[in-house]
1. Could you provide, to the nearest whole Å², the per residue accessible area of the chain with probe 1.4 Å?
2. Where does the charge balance sit around Lys72 when Lys and Arg score +1, Asp and Glu -1, over other residues with C-beta under 11 Å from its C-beta?
3. In whole angstrom, how far apart do the alpha carbon centroids of the stretch 274-322 and the stretch 203-232 sit?
4. For the stretch 124-188, list log₁₀ I(q)/I(0) at each q in 0.16 Å⁻¹, using the Debye formula over Cα point scatterers of equal strength and ignoring solvent, two decimals each.
5. So how far, in whole Å, is the C-alpha centre of the stretch 35-85 from the one of the stretch 126-183?
6. Based on DSSP, what percent of beta bridges with both residues in the chain are antiparallel, to the nearest 5?
7. Once amide H atoms are built 1.01 Å from N in the peptide plane, which residues 5 or more positions from Arg332, or in another chain, come under 5 Å H to H?
8. For the stretch 31-77, rounded, prolate or oblate, judged on the Cα gyration tensor with a ≥ b ≥ c (square roots of eigenvalues), a/c < 1.5 rounded, else prolate if a/b > b/c?
Amino acid sequence: MTKLDRREFILGGAATLAAGASASAALPASKLARRHQGYGAAATLWDLQSDPRLGEAISTYCTQVVPVLELKWPMLRPDAHTFAFERADAILDFAQQNDLTMRGHTLAWYHDIPDWTKRIKDSKGVERAYVDHISTVASYYKDKLTSWDVVNEPIPDNPRDVKDRRDTFWTQHLGDRWIPLAFRTAAAADPYVKLAINEYDIESAKDSFIAKRAAYRNLIMELLDQGVPLHAVGLQSHLHAELEIDTHGLAEFVTEIRSWGLEVFVTELDVDDQKLTGSPLERDAIVAKRVDDLLTAIASSGPVRSVLTWGISDRYSWINGYVKRPDKQPNRPLPLDGEFKPKPFMDVISKFTKDV
Ligand code: XIL
């Protein structure tokens, strides 16, 4: 296949998927009325192409989308010399055809580093590959994305103290400067896109989460002190239904982050209910309550401008691949059920975001 054929082939599915709901001008008013400003969802191209209901749901409820896999290193970089943008481009086409904005996820992460990268032994070579990747990808999408998760998950679980950082392949070669370097490189490539840092397990009232939040806060403060171009703080919000949200501590954290001039994004919200007993209806109510507590804490110091769930329907959620319920029932982590029917979770999203 020539390059063009390949792109057309990949786009084929997404174009068909978008055909029913083409440009925003053609969207039925009933659909627009259900869109929640700033609400978005993550999706893979595979799922979008294989099930038209998924694209239909995203274009019905959302104003933004983020690729789950297509902008990560392994999918973009089959080898050191190739940048394979076709699959991410297909999601961008879907977004544009449906009047959705797109976020980028993610430029620098300890996870999902391709083998060819890990085989580079000298630190200068690692730095060249790192800067080349961030610079090329951010330049390619210049002016096309609203924000980037530049650095993902920099804090370890159970940090020893507030200075603790995750030990990553990048740290081993570049030291702590892997973080500022990623932001500076991205900012040079795309001066107007918002640059975010992103972290999980900081929302609940559990000692290890509170410690992680304190280390995250400290890192953000250090980056600002160093004049690093950082514009937004992502709370992934992969919530655990059995854990209460630390509403007070989280509200305080968000208030402080905003007082430093940064935006707060909810980037990957879902709620695993593997430890909940009870009927699906009872579980859905607890899941919705956790989301309500999360968004209440965030909304206490300003509007919730950007909230994305990691998927939109329980049918396509990574949670079921990772955590199994003892009763073998699927988890119910997302706003729509497996048949794309809205659950109380979606009501909470609409409570905190304006209708479009
Ligand atoms: C997950 C995807 O959903 C999975 O399909 C993949 O196997 C692993 O990555 N935090 C992140 C996301 O920042 O990139 C992760 O996505 C989920 C946790």
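The values are calculated or read from the model by the stated rules, or taken from the named source; none is laboratory data. Given the structure is predicted, the values throughout are model-derived calculations rather than measurements. Every residue, glycine as well, gets a Cβ built from its backbone with ideal geometry; the counts of neighbours run over all protein chains shown. Note: accessible area is taken over every heavy atom of the protein model, side chains too, but ligands, DNA and RNA are not part of it. Shrake-Rupley method; radii C 1.70, N 1.55, O 1.52, S 1.80 Å.
1. Solvent-accessible surface per residue comes out at 42 Å².
2. Working: positive: Arg77, Arg87; negative: Glu70, Asp112, Asp149.
It works out to a net charge of -1.
3. Taking the Cα centre of each part, the stretch 274-322 and the stretch 203-232 sit 23 Å apart.
4. Calculated log10 I(q)/I(0) at the listed q: -0.59.
5. The stretch 35-85 and the stretch 126-183 have Cα centres separated by 21 Å.
6. Values: 3 of 35 bridges.
Roughly 10 percent of the DSSP beta bridges within the chain come out antiparallel.
7. Counting only residues 5 or more places away or on other chains, the set is Asp273.
8. Numbers: a/c = 4.92, a/b = 1.74, b/c = 2.83.
Since a/c reaches 1.5 but b/c is at least a/b, the shape of the stretch 31-77 is classed as oblate.
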